[in-house]
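In what follows, a structure is listed as structure tokens, so that the remarks can point back to it.
The values are calculated or read from the model by the stated rules, or taken from the named source; none is laboratory data. Nothing here was measured: the structure is a model prediction, and the numbers come from that model. Cβ atoms come from the backbone with ideal geometry, glycine included; neighbour counts cover every protein chain shown. Just the protein is used for accessible areas: all its heavy atoms, side chains included, with ligands, DNA and RNA removed. Shrake-Rupley method; radii C 1.70, N 1.55, O 1.52, S 1.80 Å.
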Amino acid sequence: MTSEGSESKDKTASNKLVDDLKYNVEVAENVAKEAQRLPIPEATPLYEQLLTVYPTAAKYWKQYVEAHMIINNDDATKQIFSRCLLTCLHIPLWRCYIRFIKKVNERKGMEGQEETRKAFDFMLSYLGVDISSGPVWMEYIAFLKSLPALSSQEESQRMTAMRKVYQRAIITPTHHIEQLWRDYENFENSVSRQLAKGLISEYQPKFNSARAVYRERKKYVDEIDDNMLAVPPTGSPKEELQWMSWKRLIAFEKGNPQRIDSTSSNKRIIFTYEQCLMYLYHYPDVWYDYAMWHANNGSIDAAIKVFQRALKALPGSDMLKYAYAELEESRGSLQSAKKIYESILGDGINATALTHIQFIRFLRRNEGVEAARKHFLDARKSPNCTYHVYVAYAMMAFCLDKDPKIAHNIFEDGMKRFMNEATYILEYADFLARLNDDRNIRALFERALSTLPLEESTEVWKRFVHFEQTYGDLASMLKVEKRRKEALSQMGEDGASTLESSLQDIVSRYSFMDLWPCTSSDLDNLARQEWLAKNMSKNSEKSILPSGAGFLDTGSAGLLSHSNPSTKVVYPDTSQMVIYDPSQKLGMLPTATASGLPANPITLSNPASVVSGGPTNVFDEILKATPAALIAFLANLPAVDGPTPDVDIVLSVCLESDIPTVPSVKSGATPAQGSAGPVPTTSDSGTSKSHAFSNSSLKHTRDRQSAKRKDYDRQEDNESTTVQSQPLPKDFFRIRQIQKARGATSSQTGSASYGSAISGDLSGSTG
């Protein structure tokens, strides 16, 4: 009993650790550090659980196997290497394997040397194309060089073996390719200078090509993080960057930049895919691309093996299962494909509707009508069977079996279960339309609309109306449209407006596919008018502004009338807004002068009191501080009750608006030169009064203009410069303003002759 209890506790603790490790990188690193600190008997369970979650983490495998090598546990070391070497193509891990082989065979003489040589060949057959494999090539060459040669024949064999390794190494794009080339030159020159000249000239172009490819490959490899652990995609920027980096490297290798033979090129592509899967182990698209690359190159068996590995890595991926089944079916292995479908179905109780549909299609393709019918009858009993299964099998019977009667019976049988599914009703209606059975279509719509909830009947009404518009007479068309309006009017507040006829009804009746009885501009206007009509009652209740905004009654009432809070969008409380002036301190609000510009601020003990019901309304302050030109512009803007106005409409209103302009007035200029409006009158005190801005307020405004207009302001500050003699700016909007000002001036003072409007050569004479 005690042993059973302890085993149960150990199992519980083990499961908890696996759950904590589940793709938590920080926990995994902590567990690895803890395992490294513990003795190997205690660390082994930690390593096993760690590698269960991260089976392609080469650094953890290396740490695990080194722990066994330290205590000379050769059997466990061999077992670990057999589990990880072929799935973790990682140079440090494989070099650890070479060290182990050397250690095991160092006292076996010639036999041990041969085993070590085979281990090097085995490693280079898998990792020889790695960009970091240069030290492995150099280590292999040094090993061959260290072999004893007891005869001239053995010496010749050793030199030949070294030459072959050198010649393979110098055409492989690695970090040490230039060092290997120099070593190769020295090797050949040490053997025979005469022979070296021919061999070096033969391999020089191949080396140059490999070196150029290395420089390109290095750019792609440098973007890859080889310390990344394989976790399911979460959409983080780092993961996406790594995914793109691997995709670019694979595409680079597929392009065969070194122009080598197809066998060698394919070997590099396979190696790149295998290394990619060490880090993107949970990405189904990488597995699929790898398998299909094999299939497209004629290696169907290799593609099958990749799919089998993929399903082991991602057992819950139905996408990969369907792709695997498709490949098996395409090569005629129907039983294998059927087993895959059956594995997706499981016990059938928890199978999805899509799984049943795809299996029915597979059976219909390969085993005939009866097999598909049998599975459909079984699928009907599943608790997860939806109307999709009925629609799929009915259309299969209609289109493939050419049996409309069975299809009709299936649809009718489904009506008993899915009468309240609007989508099923529409699919049934489409089927009857194909049969040209207009009587049953109308009966179906009537039956469905009598049972469907009102909020789910919108699409059915729409299809019913479209059917009558297409195939019915005018009386039935108008009748169904009226019934639809009456039904839908009960859903919203604008029921009365829904019952009214509109031009939209005509457009709906007399359009066909993408052909319309009006222009696209008319469609936009009708849609906007329909929306405005629906919101007219809401807006009219809130179109009255607070006191002080009477001038916005006609054009710009919508600017503030649409401030009613939406049920979906939370708007700020505009009643608490105060005028912002960066030049004033907190608790200060500016007053407005008669000219519309801010004057000295008024100190408020509580700024919110002005807004919440004090003697001065916040909107009065806003409007008083707004220039007349901006007020006129806002008054001409369309009323928009939505998140974003139509840019084209706003621009058209701006272009059509006659925005009043206020020309600059200089201290030394005459009233006729400085004003575009009527000549101001003079009061008894001799002071000149005008509704335009005063000279002092204009100067105050100019002082606050941006630094980008300094050159133009400097011309305005010149006391001897008149409006007519100022050069025109390059801004056409400013040109238009100046031309209006000069036109008004010439009408007051006499005549003016103008030169080129673009060059600015203008002259004016006053009489």
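Here are the numbers for this structure:
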{"item": "Computed FRET value (nearest 0.05) for Ser508 with Glu178, which takes r as the C-beta separation and R₀ as 56 Å", "result": "0.15"}
{"item": "Fully extended contour minus Cα-Cα distance, from Arg434 to Asn208, at 0.36 nm per residue", "result": "74.6 nm"}
{"item": "Filter on Lys78/Lys254; Lys62/Lys219; Lys59/Lys238; Lys145/Lys197 - keep pairs with C-alpha separation over 31 Å", "result": "Lys78/Lys254"}
{"item": "Accessible surface of segment 80-141 [probe 1.4 Å, protein heavy atoms]: carbon and sulfur percent", "result": "53"}
{"item": "Of all accessible heavy-atom area on segment 432-514, the percent that carbon and sulfur account for (1.4 Å)", "result": "51"}
{"item": "Chymotrypsin sites (Phe, Trp or Tyr not before Pro) restricted to DSSP loop in segment 138-186 with at most 14 other C-beta within 10 Å", "result": "none"}
{"item": "Alpha-carbon Debye profile of segment 120-206, log10 I(q)/I(0) at 0.14, 0.20 Å⁻¹", "result": "-0.48, -0.95"}
{"item": "Linear extension gain, Val647 paired with Thr451, 0.36 nm per residue minus alpha-carbon span", "result": "66.1 nm"}
{"item": "Accessible area of segment 347-395 belonging to carbon and sulfur atoms, whole % at 1.4 Å probe", "result": "53"}
{"item": "For segment 117-186, size of Cβ-based charge dipole, Lys and Arg +1, Asp and Glu -1, in debye", "result": "180"}
{"item": "Magnitude of the charge dipole, segment 432-514, Cβ model with Lys/Arg +1 and Asp/Glu -1, debye to 20", "result": "340"}
{"item": "Packing-based order for 49-62, 300-313, using average beta carbon neighbours within 10 Å, highest first", "result": "49-62, 300-313"}
{"item": "Segment 85-244, accessible area per residue, ligands and nucleic acids excluded (1.4 Å, Å²)", "result": "53"}
{"item": "For segment 432-514: accessible area per residue (Å², 1.4 Å)", "result": "64"}
{"item": "Surface accessible to a 1.4 Å probe, Tyr288 within the full protein complex, Å²", "result": "90"}
{"item": "Dipole magnitude (debye, nearest 20) for segment 17-222, charges at Cβ of Lys, Arg, Asp, Glu", "result": "740"}
